[in-house]
Amino acid sequence: MSTIDRATDAGAVKNRETAPERVESKGSLTAFVIAAALSLVGLADALYLTVQHVAGRSVRCTVITGCDEVLASPYAVLPGGVPLAALGALAYFAVFSLATLAAFGYGWARAPLAVLVALMLATTLGLLYLQAFILEKFCEFCLLSAAVTLSLAVVLIAKRRLRGDDGGAHG
Amino acid sequence: MNPKKPQSFKRYLPIVIIIAVFAVAIIAFLIMMRSFSDDARKARLDQPLTSSAARPDSRPRTPQPGAQPPHERGDASAAATIEEFGDFQCPPCGSFHPELKKIEADYGSRLRVVFRHLPLPQIHKNAVAAAQAAEAAGRQGRFWQMHDMLYENQSAWEKATDASSMFTSYARSLNLDMQRFAGDLNSTDVNNRIRADMMRADSLGVTGTPTLFLNGREMTLPSSNAIQYLRGQIDAALAEKKQ
């Protein structure tokens, strides 16, 4: 190892607390960028649904017919009257933040991102079940959110599978 | 020291991006909230009820009286009056209907219920025809019977391409004079009544359905336990009148 290399390593150790921990491989970077982009779509969708919910019963019948029954159902509200869509918006924003940080090399963001997307996937599957079997009505904007979450999960799982190759290339 | 600059810039860039997205999301949320009620109002007023009906050009500043006399159920001297702005094709209105009937039965003569038309034809293609059917039945003294039938059978006709023929069969089952019913359906009087109710809704700033007024005060029902809340409000209004 040359002197220059050693100096760089020392600098890396010194900055470890605050600096990005690693330079992302091309595959990982692409995955995180796609995840961030997808989460923006989810965020916009969830915000739209939140607006509908917060604006109250008045927009239930004035905006989109497909979502009337779904958004008017008790399942659309969390205990305390918080619309589920607001939680969705928060989750998508968190995904965007973590994916962006991960894309810029903040390695610690990867684990919470994976856990969050796994939780969102479980919630999405539960909501799809509710729409299909309990309410027997589908809300197109809720389905868009489901598609985004499923895509997020697919992207992150695909990235994990490819990680072995990445590691080989860079290790 | 020069190489440090881009590195620290790169370090903070994601934070800047995240904050920017957060700010954009908040702004978008506020803009959507503001434009929603305006859009709903415009969408409703841009849709002519019928070609012969007069369209209000702008929102009147003073509350409009609505169709006179209004369709009302219950004791005229009741201490509590609920005025409902409803669209027969609106699913929440349909699911609210049996709840309101239960409330009416429980409160008896202490409660009066007034129904106002607020059809939303841009998203509910059969809403105007349903309102016309109710009004036409009303001209033969059967408004509330038709009102109940329309709500109770909402799922049967809401998506129907020939909803009018279904309304005709409802009218027949109510033993209406069918020739008169057919003549009244699209009459000026019927349309003017619906239009008057819509203008009242607009003058009160009502943007959707169902919207309820209790003794002239608009009620904002919570998303959960709405019926319990409504009963509480009626009790409070009754107690207020007693004092």
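A few notes on this one:
- Whole-percent carbon and sulfur share, accessible surface of the stretch B:162-229, 1.4 Å: 47
- With each label modelled as a point 7 angstrom along the Cα→C-beta vector, the residue B:15-residue B:228 pair spans 4.6 nm.
- In this structure, the amide hydrogen of residue A:77, modeled 1.01 Å from its nitrogen in the peptide plane, lies closer than 5 angstrom to those of A:84, counting only residues at least 5 positions away or on a different chain.
- The convex hull drawn around the Cα atoms of chain B, when projected onto a plane and averaged over every direction, covers 20.0 nm².
- Principal axis dimensions, the stretch B:115-207 - Cα atoms, whole angstrom, descending: 37, 26, 19
- DSSP bridge pairs, chain B: antiparallel proportion in percent, nearest 5: 60
- Rough spin-label spacing in nm, given labels placed 7 Å along Cα→Cβ, for residue B:22 and residue A:54: 1.6
- Working from Cα pairs under 8 Å separated by at least six residues, relative contact order for the stretch B:91-243 is 26 percent.
- In this assembly, the B-A interface accounts for approximately 2900 Å² of buried accessible surface in total, computed with a 1.4 Å probe and without ligands, DNA or RNA.
- Label point 7 Å beyond Cα of residue A:26 along Cβ direction - residues of the stretch A:105-126 with amide nitrogen under 19 Å: A:105
- The spacing between the stretch B:186-243 and the stretch B:110-157, judged by their C-alpha centroids, is 16 Å.
- Å² per residue, accessible surface of the stretch B:173-243 at 1.4 Å: 51
- Here is what passes the span test in chain B: the DSSP H helices with alpha carbon length of 30 Å or more along the helix axis and a Kyte-Doolittle mean of -0.5 or above are B:4-46.
- Distance between modelled label sites at residue A:158 and residue B:182, nm, 7 Å Cα→Cβ extension: 6.2
- For the stretch A:100-114 and the stretch A:137-151, distance of Cα centres in Å: 25
The values are calculated or read from the model by the stated rules, or taken from the named source; none is laboratory data. Quick caveat, the model's predicted, so the values are computed rather than measured. Every residue, glycine as well, gets a Cβ built from its backbone with ideal geometry; the counts of neighbours run over all protein chains shown. Keep in mind that these areas ignore ligands, DNA and RNA; they rest on the heavy atoms of the full protein, side chains included. Shrake-Rupley method; radii C 1.70, N 1.55, O 1.52, S 1.80 Å.
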